[in-house]
Amino acid sequence: MSPRPALPAPSDALRAQLPAIEPDRQVTDWGRSERVEGLIDRTLYDWLYHYWFRCEVEGIEHVPSTGGALLVSNHAGALPPDGAMIAKAIKEEHPRPRPLHLTVEHFFKGYPGFSMLVAKIGGVPAHPANVHRLLADEEQLVLVFPEGRKGTEKLYKDRYRLRRFGRGGFVEAAMRARAPIVPVAVVGAEEAMPIFAHLTLLQRVTGLLYFPVTPTFPHLGPVGFLGYLPAKFRIRFLEPIPTDGWGEEPWQDRGLVQTVADEIRARVQEELIDMLAARRSVWFG
Amino acid sequence: MTRILVTGVSSHWGGRLAQALEQDPAVETIIGVSPRDPTLELERTEFVRVGTQHALLRRIVQAAEIDTVVDSRLVVDSLSSSPREAHETNVIGTMNILAACGGPDSPVRKVVFKSSAHYYGCERDDPAFFTETMRRPHPPRTRLESDIVEAEDAVRGFAERNPQVTVTVLRFANGLGADLDTSHGRLLRLPAVPCILGFDPRYQFVHSDDIVGALEHAVTHELPGTYNVAGDGVLVLSEIASLLARPLAPVLPPWGTGLAAAGLRVAGVRITGEMARQLRYGRGLDNRRLKAAGCRLRYTTREAVQRYTEDLRVHRLRQGAGAPYRYEREVEEFLRYSPNVRRRAEREPDPSAR
C-alpha cells in the first residue's frame, strides 16, 4: 500500500488536468463544431456583419488578448443577432481573435433542432459551473446577457431600456474566476427585429420561449424568423472592470455583488443613451 | 498484505479486476462473490456463490479477515436485469454489504464502491461537466437511477458512521469495449446509430480496460471520497457515428420518444429509459479529480470509440478462436486444493511474495 497522497489544492492543480487537445477532432468538448461554425460564418455572418448591419466597432482594445474575460452586453431582437455580431467583431477587428462562448438559456438544449445547432456555433447553457469552467479553467472569453429573455422579449416601444440585470449571477461568476468584466453596448439590434406583440396561444402550442410578431414573422413563415431589417449596428466595448481587487471571497458579500451589477447596468445604459444621441438615422447611423 | 473481497466477480470488470489483483504479490487473499458463475478464468481467487441480497456476507468477511471490499456488483444498465432484480441488487445488496463491512469489530479498512454517472441523471439544465460535489438538479427519473442514488446515499451514510474505513466511490461514465455487453455497446453495434431527431447529445465513454484500471488504482491507493471516471474528451453523437463509419438514423421523434422506443423494442433494438435521456440531453463528467489523484486512464473517449470500432471488425474472428471459459466447481477445486497440482509459487519460488 502506498502512503496517502496529498490532495492538491483545488483550482490550480485541477487546471493542469484539463484534457489535452486532440488535433483530429473538429468538435470541442462543449459540442462546438469548427466546420458548422465556419460554414455559417462564411455564408451568413460575414454578409450580415459587413453589408447588412454594417457593424462599426469601438474599443476593441478593451477585450483582453489572454486570460478569461466576461463580456456583458445588452440584448434585443426576437432572434437576437447581437451575440453573433459581437463574436464576429472580435474575430474581425481584434489583433488576436479568440473564440467567444455565448451563454444561452437551458431551453435551447431541450428543443429539437436548436439543441443541435446552438452548441455547434458556440452556445453554452448558462449554468454557473459552465461559466466558471470557461473563465477560470479554460481562460476563454464568455459573453453573457444578464437581461436574458426579459431583454429579447421586450416590445419595440421599450427599446434601449435595459431590463433588470438578473440577480447578479454574472458578477459572482466573474469574481469567482477572478476574470475582468467587459461591458458592451450594442445599438441596432433593437431595430433589426422589433417585436410588436406576443402570441401566447401559439407560444404554448409550439413550446417555444415566446412567439413574437415581427415585421416578417409569423406571416412569412419560419424564414421570417431570419428577416432582419438593415439597421446600422454600433458595438462599443467599454473599459474592463477588474474583479480581483475586492478581497478574498467578494462574492460572499451579496450587497457588493448587487452594487457591481447595478453599476455595470448603469454604465451600459448611459453608453446606449450617449450612442443614441449621436445617431442620426436608424439605418445609416 | 491485503485480503480482498470482490463482489460481482462474475461481471466482466469484476473478473478482470480479480485477475489483475492476482498478479500483485502484496495481495494475500482474493475472495470473489457473486450470484452467478465467474465468466473469466481465475487462478487463485476463491469463488463463493451468494444470493442477490448478499445476506451472509458478514460471516465471510469475519472468517476471512477481509480488510478491503471492492463492491463492483451494482447494476448500472437496465439491460442486464429486470427492475425488480436490479432493485434487490442495488438497494438491498448494498445495504447488506455495508452492514457486513461496518461495526466496531469489523476487520474492513477500505471499501471501494463502483457506482455510475447515472447518479447525476440527464436533464436539460445540467452543467456541461459534472463535478463530484454536484447533486442532480431534479429527482431521479427512472427506477434504476433512483436505486443508484439510494445506494450511494447508503454508502455516504456508511462513510460517516465509520471514519476508520476509507470509502472510495467511483462514478463511471458509460463503459465501452468489445467484451462488455452494455446497452450503448449494442446501440453502436447496429448498422446505423439511432438518434432522436434534432438532437446531437454529448457523450463520454470509459474503455473497459480503464474501468479495471481505475478500480485497481482505488484498491492499491488511498482515495477517500468520490471520483468521476470517464475518458478525456466529450464527443457528440454524430462524431461517434463518423468514427464508427456508420450513418446516424434519426428514427426517434423528439416528441413521443417513449412510444417510438417501444416500437423499436419490437424490432429488437432496446432503448432503455436512461439511454433515452442520454440520447436527448447527453452528459459530460469532469474527471480531473481522479487524474489529480494519480490515476492515469489509457484511453480518451475518442480512442475508446476508435478501439471499439477496430475490435468490432475482428470480433467474429476472435470469438471463434478460443473456447469460452466455463466455470466448473469440481475442476476449480481440484486445481486449487489438490496436492497433485503443482502451483506457480512452488514452481518458481518468489521471495517477495512471502
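The values are calculated or read from the model by the stated rules, or taken from the named source; none is laboratory data. The shown structure was predicted, so the numbers you read here are calculated from the model rather than taken from an experiment. Positions of Cβ are backbone-derived with ideal geometry, glycine not excepted, and every protein chain shown enters the neighbour counts. Each accessible area value is taken on the protein alone, full model and side chains, heavy atoms only, with ligands, DNA and RNA left out. Shrake-Rupley method; radii C 1.70, N 1.55, O 1.52, S 1.80 Å.
Whether a residue is closer than 26 Å to A:PHE284 by Cα and crowded, with 16+ Cβ neighbours inside 10 Å was assessed, and A:ILE235 passes this test. All conditions but one from (1) away from chain A (no Cβ under 14 Å); (2) over 18 Å from B:TYR119 (Cα atoms); (3) open to solvent by less than 10 Å² (accessible area, probe 1.4 Å) apply to B:ARG171; the one that does not is (2). Yes or no: A:LEU14 open to solvent by 40 Å² or more (accessible area, probe 1.4 Å), within 22 Å of A:VAL131 (Cβ to Cβ) and within 14 Å of chain B (Cβ to nearest Cβ)? Answer is yes for this residue. Annotation note: Cβ proximity below 6 Å between a residue of segment B:197-226 that is polar (S, T, N, Q) and a residue that is part of a helix (DSSP H, G or I) and surrounded by 22 or more Cβ atoms within 10 Å (Cβ to Cβ) (sequence gap 6+ or interchain) occurs for B:GLN204/B:THR301. Looking across segment B:260-290 at every residue that is crowded, with 19+ Cβ neighbours inside 10 Å and among the charged types (D, E, K, R), the one that is farthest from the chain's Cα centre (by Cα) is identified as B:ARG280.
Assessment of segment A:97-105 against the conditions (farther than 30 Å from B:ARG289 by Cβ and more than 10 Å from chain B (Cβ to nearest Cβ)) yields at least one matching residue. Taking first residues from segment B:284-309 that are away from chain A (no Cβ under 11 Å) and farther than 21 Å from B:THR131 by Cβ and partners that are β-branched (Val, Ile, Thr) and assigned to a helix (DSSP H, G or I), the Cβ contacts under 6 Å between residues at least 6 apart in sequence or on separate chains come to B:VAL305/B:ILE240. At least 3 residues being more than 15 Å from the chain's Cα centre (by Cα), in contact (Cβ under 8 Å) with a residue 40 or more places away in the chain and within 14 Å of another protein chain (Cβ to nearest Cβ) is the threshold, and among the strands (runs of 3 or more DSSP E) wholly inside segment B:1-109 those reaching it are B:2-7. The one condition from (1) charged (D, E, K, R); (2) more than 30 Å from B:ASP24 (Cβ to Cβ); (3) within 13 Å of chain A (Cβ to nearest Cβ); (4) open to solvent by 20 Å² or more (accessible area, probe 1.4 Å) that B:ARG186 does not meet is (3).
When we screen A:THR206, A:THR243, A:THR216 for residues that are closer than 20 Å to A:VAL104 by Cα and among the polar types (S, T, N, Q), the only hit is A:THR206.
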